[in-house]
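Notes to accompany the following structure.
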Amino acid sequence: MKYLMLNHKMNLTEEEAIKYAKDFNEVKPNKCELVVFPSYLYINLFKGKNYSLGSQNVAIKDVGALTGEVAASQLNNMGCAYSIVGHSERREIIGEDDIEFINKINELISNNMTPVFCIGETLEAREKGNTYEVLEEEIVSVFGSLDKDSIKNIIIAYEPIWAIGTGLTPTNDDIDDAIVYIKGLVKDNYDTNIKVLYGGSVNDKNISTIDTIPSLDGYLVGGASLDIEKVNNMIKEIS
Ligand code: PGA
């Protein structure tokens, strides 16, 4: 079963979120495993039975005194089963690094949550032919410090940075090659069969084409996830 993961980022007013959550509770996931990552503010609105709940972020450690952060134990307590780690927006805009990703992944695993670890190359790296070097570096620098048992519980989201929010997507062959490369690298180095999602400008118009990629285990969707009609259309196209 493929995943359809919906990353709301910093979007929706309270009124919009209430309406979205009400409509979302009626969505039938059909053949996919549906996961929604709302803003922290609205997590409590999502109590439906047809989907799982995820957090867009998590604190690096579980202590009471860490102003402004939310601990994995609190997220788990609120029903979150997944959390995004290493999204390019947090790498580039917030400046998060590998040490933080390692700490966050360890926190999630010890609280029975699944990390969705995002990796992906810049346009410059792709044009220089360095895509696989970037992917390898992003995986090894984090996975090298994790237990093998932890790695088994991670899902990777392959998200080329140049495809996020731009309307651009790689060709199916390029996505397939990157996913096969990632799966091979994790298998060879850590003896684990890992699931890999694709993210970057997936929407209800292009998902049927992307869905034919043999190595793909699902999607991480930003912009198109904010429209319930688009969510329903995407679900229909997933095989
Ligand atoms: P997008 O975002 O679908 O709007 O490109 C994807 C993501 O950032 O996870």
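According to the Cα-based calculation, Rg over Rh for the stretch 120-239 is 0.98, with Rh computed by the Kirkwood formula. Amide H contacts of residue 61 (H built 1.01 Å from N, in plane; Pro and chain starts excluded): no residue 5 or more places away or on another chain comes under 5 Å. Scan the chain and note any complete DSSP helix (H) whose C-alpha atoms cover at least 24 Å along its axis and whose Kyte-Doolittle average is -1.0 or more. Correct list, ordered by number: 172-190. Projecting the Cα atoms of 197, 25, 41 onto the dipole axis of the chain, where Lys and Arg carry +1 and Asp and Glu carry -1 at the beta carbon, places 25 farthest toward the positive end. Less than 26 Å apart at the alpha-carbon level, and either on another chain or at least 8 residues along: which lysines does that give for residue 148? Filter leaves 2, 61, 104, 183, 187, 195. Whole-Hz Karplus values for the stretch 48-65 come out as x, 9, 8, 8, 9, 10, x, 10, 6, 7, 7, 6, 6, 8, 9, 10, x, 9 Hz, taken residue by residue from phi with 6.51 cos²θ - 1.76 cosθ + 1.60 and θ = phi - 60°; glycine and proline positions read x.
Basic side chains Lys and Arg get +1 at the Cβ, acidic Asp and Glu get -1 at the Cβ, and with that the dipole of the chain about its Cα centre reaches some 920 debye. Here the stretch 161-239 is treated with +1 on each Lys and Arg Cβ and -1 on each Asp and Glu Cβ, and its dipole about the Cα centre works out to around 160 debye. Each Lys or Arg adds one and each Asp or Glu subtracts one; over the other residues with Cβ under 11 Å from the Cβ of residue 195, this totals +1. Each Lys or Arg adds one and each Asp or Glu subtracts one; over the other residues with Cβ under 12 Å from the Cβ of residue 101, this totals -3. For residue 114, nonlocal amide neighbours, meaning residues 5 or more places apart or on other chains whose placed amide H falls under 5 Å from its own, are 82, 83.
No value in this document is a laboratory result; all are computed from the given coordinates. Just so you know, these numbers come straight off a predicted model, no measurement behind them. Please note: Cβ atoms are built from the backbone with ideal geometry, for glycine as well, and neighbour counts cover all protein chains shown.
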